[in-house]
Amino acid sequence: MRARRSLFGLLVLTTLCGIIYWLVPLHHFDFVKGTYAYDPRSDAPSALILANRPETFVVQLLIGKIQNGEPFPSKALQNVVSIEPTQVVVFFYTDWYAFAHVTIKFTYSDSTTNNEVFRLKAPSSTIVPLLVVDLSLGNEFQPLRDCFLESASTFYCPFPSEITNPP
């Protein structure tokens, strides 16, 4: 009887682990760095980490700028003919806000390409305190109004309530 109970418990545990693995692909996680990374061209992000996809807000902002005739990035010498998000990295060990780094590939009219990183905050998330760090789950990003050059190839995109005081 005891062996049956142990076997049943093992079966339940194995099934539960399989369901969790199916819902949350662990190969996207780096628990040492506290990051969750995915390729938006081929991967569907985990709903456990993301309530929505941050790359959609960056792409919306960039398409609006390009349609308004604004060169983007401002240092661009050619017109942008396409933009494509190629990687999203969410930093989920946090003490306040989770951050996402969205890498966008720009293709210009002269066929050259350039990758730029857009850093944005998730102003809405559920913080789960752990022993050493806090884990940010269900991160929800908001539409963006603008992005500001932060370093050579990184732009900071504040959420709308921060826009009055850009960095």
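The table for this structure:
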read-out	value
Given (1) of a type in the set (D, E, K, R); (2) touching a helix residue (DSSP H, G or I) at 6+ places or on another chain (Cβ under 9 Å); (3) assigned to a loop (DSSP other than H, G, I, E, B), index of the condition residue 110 fails	(2)
Any pair with Cβ under 7 angstrom, 6 or more apart, that starts in region 34-45 at a residue that is open to solvent by less than 30 Å² (accessible area, probe 1.4 Å) and part of a loop (DSSP other than H, G, I, E, B) and ends at one that is modelled with pLDDT under 85 and of a type in the set (A, V, I, L, M)	34/133
Hits in region 48-72 - residues which are without any contact (Cβ under 8 Å) to a residue 40 or more places away in the chain, part of a loop (DSSP other than H, G, I, E, B) and either in contact with a Phe, Trp or Tyr (Cβ under 6 Å, 6 or more places away or on another chain) or buried (at least 19 other Cβ atoms within 10 Å of the Cβ) (or both)	72
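The values are calculated or read from the model by the stated rules, or taken from the named source; none is laboratory data. Treat the numbers as computed from the prediction; the structure is a model and nothing was measured. Cβ: placed from backbone, ideal geometry, glycine included. Neighbour counts: every protein chain shown. All accessible areas refer to the heavy atoms of the entire protein, side chains included, with ligands and DNA or RNA removed. Shrake-Rupley method; radii C 1.70, N 1.55, O 1.52, S 1.80 Å.
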